[in-house]
Structure formats: structure tokens, C-alpha cells
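The values are calculated or read from the model by the stated rules, or taken from the named source; none is laboratory data. Keep in mind it's a predicted model, so treat the numbers as computed, not measured. Positions of Cβ are backbone-derived with ideal geometry, glycine not excepted, and every protein chain shown enters the neighbour counts. With ligands, DNA and RNA removed, areas are computed over all heavy atoms of the protein, side chains included. Shrake-Rupley method; radii C 1.70, N 1.55, O 1.52, S 1.80 Å.
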Amino acid sequence: MHPAIALTLCLGIGFSIARAPPGPWDAFNYAPSSRTVHPKVVHSVHGVVQHPHQLVASHGGSATLTGNGSYVVLDFSQEVGGILSFTIDEATPKSTLSLSFTESSEFISPIRSDDSCHSSVTMDSDGVQSLPSPLSIGTFTQTIGQQRGGFKYLTIVSNSDAPVTISNVSVHTTWMPHWDDLRAYTGYFFARDPGFHDPHFLNKLWYAGAYTVQTNTIESNQARQQPCPSPAVISNEGWSNDASGGPVDGPILVDGAKRDRNIWPGDMGISSHTELVALNDLLPTKNALIVMFSTQDPGDGSLQYSGPPINAKGSDTYISLMNVPPSFANDWGRDNGQGYNSAANALLYRTLVTAADLATHLGLSELAAAYSSNATSLKRAYNNLLWDDSAGMFRDNPTSTLLPQDGNSLAVLFNVTNTRAQNEAISEGLTDFWTDIGPLSPELNDTIIPFVGGFEVQAHFITGQGERALDLLHRGTFSVFNSHTHVADCFYPEWGYMLYTDLSVKSSLLEGFTRNGSLGYRAAAGYDFDHSYTSHSHGWATGPTPALTFFVLGLKLTSPQGATWSIEPVLSGLEAAEGGFETAAHEALSGFLEGAKSRWMGSPEEASDPVLRSYDGSQVIVEWSVPAGCPFQEDKGDDKGDDSDKDDGKGPKDEDTESTGNGVGWFFLVLILAFAAYFGLGAYYNYSTYGARGADLIPHRDFWKEVPYMLRDVISHLCSSVRPRRPANRGYIAV
């Protein structure tokens with residue numbers, strides 16, 4: 001049987017941005033439906049707080065804090081960022097309030113926020129925001145500078161014995177300032193991952209990457225101030241997010257939501273691709289590049305390596321290979337990147353090749369030839385001086401024995417290698433760095449860095465090792481720690497750790513972490529052991545989002561603005577995948593790739609050549625067959641966004657079953673009555689003690705929310721232990 005694989009490409013004329021089609025993938029979009037977001041649950045209460053649950057969105061009432069040190073912690077359930085406001089309904093002249101913010105539950109505190117302006121070993125550089133005294137009755141609203149770029153938990157603290165009553169807690173979202181509908185993605189992705197404990201892991205990961213980049217897109221006048229304000233001063237918190245991000249108006253793409261809120265062009269090597277495939281909104285990237293070119297030194301032509309207000313300066317020179325000075329050896333934070341460094345020279349090679357292409361499009365043939373000649377010379381020197389044939393990998397520099405993750409991943413990604421055999425050896429060699437939760441970077445001690453991991457994932461795909469790329473996402477066991485204490489052993493991959501651990505915001509992606517899963521990324525390498533400084537929404541960690549589109553779906557642009565493209569799915573052992581993205585042409589171009597949809601099933605072995613079925617001027621239909629798999633039929637329920645495909649946390653719907661009575665009927669009757677008593681008495685206790693309403697009445701609610709997932713994991717484990725493993729499907733399908 002040869003089930004057909006059909007791919008549909010839509011071409012259009014015009015410049016409007018079309019929303020992705022509706023489908024089951026919409027359930028994984030983390031973007032809010034409104035710019036105004038509200039806390040979802042009460043995380044915890046300390047001291048005397050009456051009716052705290054009235055502060056969550058489902059209730060909309062008021063709560064009263066009484067007593068010095070009493071506080072309530074509100075959980076927004078995912079990363080949010082923007083301007084906080086709430087209503088002060090009642091207060092005395094002696095009533096006082098302060099606010100603290102954190103991304104991770106590990107750092108919830110009434111006396112300090114996450115550090116976002118600079119790191120500190122005492123983790124108190126940001127402090128709290130104290131409201132001016134006496135409190136004014138009415139609506140309190142933060143200024144633009146006082147806004148928090150990224151947080152999940154808000155702690156509201158009474159700092160006196162006088163009571164204060166508040167209500168209407170909300171955050172006005174400030175990221176993506178130029179979008180009206182924050183959920184109007186132009187790209188989409190959907191694939192079930194039956195080999196993982198959560199079959200929707202890849203969908204959640206793709207959309208977490210998209211959401212991360214959204215939170216990293218800010219108005220150009222809302223960057224992080226440098227130097228930082230002093231904390232713990234009445235009405236003056238230790239952060240200010242109203243600095244200029246450069247001489248442009250409109251949105252810019254920065255590195256992180258909480259911090260640095262600064263343009264770092266290196267990070268854009270990942271985040272701009274995510275922005276393309278998910279949002280088709282390159283205005284923030286364009287503005288960021290304009291800012292970077294504005295920093296060019298008219299004397300020597302050098303560019304800064306970050307935008308304002310950080311304004312990191314410096315340049316390198318090269319003859320054949322670039323010789324990196326020690327003052328610029330840390331790059332993304334790594335150690336010993338000086339000399340004829342492999343990663344830096346792979347980047348230089350890519351720069352020269354891209355410059356030659358750009359010069360060609362501009363009609364500058366002589367300049368293009370010069371760039372190409374320099375690129376050829378650099379590639380020759382790179383392979384002659386850095387390749388270690390016995391290891392099958394590139395060295396960090398000619399005098400080093402270190403085999404770097406960054407230099408080798410980039411060499412494959414940017415085609416600095418000479419042969420496919422080199423790519424295959426590098427792909428295999430990179431697995432030597434793998435731990436149970438991801439690759440441990442040899443360039444920086446005790447560090448798992450998703451930035452470089454994103455390049456490695458692409459390198460495996462390019463080599464044709466799609467299963468290996470997904471295996472990198474599917475790493476196994478790790479131990480979860482809080483600040484000092486072992487908590488549990490869990491089964492998550494590198495990126496899954498960011499989505500599932502209680503230490504994260506479970507919606508956007510971490511800057512980095514350590515081998516044991518702690519948030520101490522770069523703790524001893526520039527971050528002063530300040531775990532709260534680590535960003536939980538960092539665009540450089542979103543590499544899997546474009547990788548899944550470019551390689552699993554196989555949709556790639558091969559010329560500027562999508563004038564031409566290729567379709568080369570790397571099946572990677574998945575049963576099926578669907579998705580697409582849109583590009584918009586410059587006004588000088590009359591046609592562009594408006595949308596693309598790839599849907600396939602089966603195995604690539606002995607696949608037939610693609611056949612052009614039809615082309616009507618706006619749509620081309622290509623079809624080919626594979627020798628294995630099942631007949632493919634469109635699921636109409638999917639197209640309508642059927643709730644049956646949504647991972648709503650409630651588990652699969654029950655099938656109709658027939659039940660019969662037997663001698664143990666009384667036992668089940670007693671059991672049912674016991675459960676009824678448990679829920680009834682528990683609900684009464686929550687109502688009378690905490691003033692709970694709705695779902696908050698359920699006793700031990702968090703436990704019952706997890707029960708479906710625990711049952712699913714048990715069933716998945718039992719099935720995987722008896723289910724025969726499919727042979728791996730490797731390689732490209734050529735179109």
C-alpha cells in the first residue's frame with residue numbers, strides 16, 4: 001500500500017497578513033485574548049488576609065490585608081509582563097503597601113523581587129515597589145518605568161497594622177505594542193509525539209517559543225535603564241523600564257522579557273527565525289538591525305555588539321581566520337573563546353557568504369566576488385587548522401583539545417564542513433556531551449544553554465538525523481532541586497524541563513540552567529550566584545520552533561522574501577505533522593509565499609518522485625507516495641478545532657461502557673459515599689475558612705488536577721513496555 005503524501009502551497013499577490021487557519025493547534029497558543037490579564041489563582045496567603053480569592057479573575061471582589069507583614073501571592077499561571085493596576089477601596093492614613101514580582105515560585109518573597117537590573121549575591125538589587133504614603137483611594141497604576149517586563153507571581157504586602165482593602169488586580173500587557181490581536185499568529189504547527197509522555201509536547205514547545213519571542217518584542221522606549229536605580233527607597237523601586245532602546249520608533253526585538261530588555265544581535269540568530277515562522281512580523285527585527293547599524297563607528301567601521309543602553313563595544317580583525325582578542329572571549333558567556341576560535345570563525349564565514357549574496361542582489365558583482373573569495377579562504381583555513389580527524393570534530397582553536405558544542409554545531413549549520421562524512425561525525429560526536437536533561441556545554445562549566453542547543457538541534461536535522469534531533473528534545477531523567485534541597489526525580493527533556501518543572505513559568509523558555517536542573521545558570525560566570533537573575537523568557541532559547549518548521553515540516557525559503565522555496569521533510573519518526581508559515585514581500589516584489597501547508601505520513605524509503613498535480617496560478621498541488629504507513633484522511637474535527645484534540649488537562653474522554661453489578665457493589669457504594677463526604681466537607685471548609693468560590697472549593701484541588709496526568713503517564717508507561725518499537729525513518733524526502 002502506498003498512501004499519498006500531499007503538500008499544498010498557496011501563492012498570492014498583496015501585502016496583508018493572514019491569520020493561520022483554525023485547528024487543534026490553537027489550544028496551545030499561550031498568548032492572551034486580551035491585553036488586560038488577571039491573576040488566575042491565589043498561590044498562598046500569609047498573616048491576616050480576608051477573602052483573598054476575590055482577587056482572582058473568576059471572582060472580581062475585594063480582599064482586605066490587616067497587620068504588618070500580611071501578604072497575598074497571586075499567580076497569573078504563565079509569564080506576563082506590563083503595567084500593573086488595582087483599586088484601593090479602603091485605607092487609613094497609616095495603611096501602607098508594597099509589591100514584589102517573580103517569575104519562579106522559588107523566589108516568592110514579601111521583601112524582594114527577582115533581580116532584573118543587575119545580579120547580586122544577596123538577590124536583592126531590585127527590592128520591592130513601595131506605594132507612596134498615605135495611600136490614595138482609587139486606582140493605582142504603575143508608570144511605564146515601573147512596569148515589570150516578565151513575571152508570573154505578584155506579592156501584595158501590608159507594611160503596617162492598619163487595614164487596606166483592594167480589588168480589580170490586572171496587568172496591561174505592553175509587549176507586541178503594534179498588534180491588536182496577540183493570538184493572531186500567521187504560522188502554526190501540530191504533531192502528535194506518541195513516544196513521549198505528553199503527546200502534545202512538540203506543540204507546546206513550538207508555541208512556547210512563539211510566545212517567548214512575543215514577550216521579547218517591546219516598544220523602543222521601554223528598554224531597561226542603566227545604571228540601575230537604588231532599591232528599597234519609598235516610591236522608587238530598583239528597576240526602571242523606560243530607557244531608549246535605540247534611535248527608532250516602534251517595536252524592537254530584545255533578548256528577554258525581564259532582562260536585559262536590550263538588543264543583542266547574536267540572540268537574533270535564533271529569535272528572528274522564530275518571529276518569522278510564527279508571527280511573520282519582521283518589523284521588530286528590522287528596527288533592531290537599524291539600531292545596530294546606527295552604532296557604526298565612522299572612523300573604523302566597527303559596530304557595537306549590543307544596542308543601547310548597554311552599548312557593548314569592540315571589534316575583531318582577521319586574515320584568513322579571525323583572531324579573537326581575550327577581551328571578547330566570552331561571547332554568549334562561555335570561557336576561553338579567544339584566538340582562532342571555531343565558533344567565531346563559523347559566524348564570520350556565514351557573514352561573508354551572506355554579504356556576498358546581498359552584494360549580488362544589489363548588483364555589486366566585484367564586492368560579491370571579494371566576499372566569496374574571503375569566505376573560501378576562511379573555510380579552507382578552518383578545516384586545515386581546526387579539524388581533528390581522530391575525534392571527528394573541530395577543536396575550539398588550533399592549540400586546544402576542547403571539542404566545543406557551539407563551534408561544531410555552527411560548522412554544520414553554516415556549511416563550513418567539506419563533506420557529509422564530517423557532518424555525520426560531528427552529529428555523532430555531539431552526543432558525547434548529552435546528559436539526562438540536555439547537552440552539558442564543554443565551553444562553560446555546569447551549563448546547559450538552550451541557545452547553543454538550538455543550533456545543535458538544527459545540525460542534527462541537517463545531517464539527516466531527525467530522530468537524534470528529537471531525542472535531544474526527549475532527554476530522560478533529572479533531579480529537581482530548590483535552592484539547596486533535592487525535591488524529586490522527573491522525566492523531562494531539555495526544553496521539556498522549562499515547560500514542566502514547577503521552578504519555571506511553564507509558558508516561555510529559560511535562558512539556561514545547570515546540570516542538576518537548578519536556575520543557577522552562569523552563577524559562577526558573571527551572575528554572582530544570583531539564581532533569580534536568570535531570565536524565564538529568553539528568545540535565544542526558542543530554536544526548536546523554527547527547527548520544527550524548517551526541518552520536520554521541511555518548509556524552507558531559498559531566496560529573499562520567499563520568492564522560491566523548498567520542501568524537504570525530515571520525518572524523524574513521527575507519524576504525522578502539519579503546519580505552515582507566511583512571508584510578506586517588500587513593495588518592490590509582486591508575489592510572495594503567502595502560506596504553506598505540509599502534511600505527510602509514512603516512511604521515506606523508496607518514496608516516488610513528486611508529481612505536479614495542478615497549478616491554477618495561486619495554488620500548486622504536489623503529490624508523491626511512500627511504501628509504508630496508513631492511508632491518510634483529513635480529520636474534519638481537526639479543521640474545526642474539535643475539543644477532542646485539545647490538551648485541556650482533563651484527559652481523554654471516556655468511551656461508553658457497559659457496567660454490571662456484583663457482590664462488591666456495597667463496597668463501591670461506601671466508597672462513593674466517602675468521596676461525597678470528603679468533597680462536601682472539604683468544600684465547606686474552604687468556603688468558611690478562605691471564602692473560596694467555584695473551583696477553589698474543591699479540597700486539595702492541585703492534586704486532583706494532576707490525577708489525569710498521572711493516570712496518563714502510567715498508561716503510557718505500560719503501553720510503551722509492551723509496544724514494539726518502530727524502525728527509525730531517516731533521511732530527507734526530496735522534492
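Each of His361, His53 has its accessible area taken with a 1.4 Å probe; listed largest first, they run His361, His53. Estimated from the Cβ-Cβ distance and a Förster radius of 45 angstrom, the FRET efficiency linking Ser373 and Thr36 is about 0.20.
Computed from the C-beta positions of Thr564 and Val670, the FRET efficiency with R₀ = 56 Å rounds to 0.20. Within the shell defined by Cβ-Cβ distances under 10 Å, the residues around Arg112 carry a net charge of -4, with Lys and Arg each +1 and Asp and Glu each -1. In segment 108-237, Cα pairs under 8 Å separated by at least six residues give a relative contact order of 37 percent. The order of Leu205, Leu681 by accessible area, most exposed first and with a 1.4 Å probe, is Leu681, Leu205.
Length available on full extension from Ala184 to Ile290: 0.36 nm per residue minus the Cα-Cα distance, which gives 35.6 nm. Ordered by 1.4 Å accessible area with all protein chains kept, Cys228, Cys117 run largest first as Cys228, Cys117.
Using only the Cα atoms of segment 98-196, build the gyration tensor, take square roots of its eigenvalues as a ≥ b ≥ c, and label the shape rounded, prolate or oblate: rounded if a/c is under 1.5, else prolate if a/b is larger than b/c, else oblate.
prolate
Tally Lys and Arg at +1 and Asp and Glu at -1 over the other residues with C-beta under 15 Å from the C-beta of Ala524: what net charge comes out?
-2
Under a model in which nothing but the beta-carbon of Lys, Arg (+1) and Asp, Glu (-1) is charged, segment 27-142 shows a dipole of about 320 debye around its Cα centre.
Were the residues from His46 through Asp502 laid out at 0.36 nm apart, the gain over their Cα-Cα distance would be 162.1 nm.
Between Thr92 and Leu283, the distance separating the two model label sites (each 7 Å from Cα on the Cα→Cβ line) works out to 5.1 nm.
Placing dummy labels 7 Å off each Cα toward the beta-carbon, the span from Arg420 to Asp161 is 8.1 nm. When nucleic acids and ligands are ignored and a 1.4 Å probe is applied, Asp75 ends up with an accessible area of around 20 Å².
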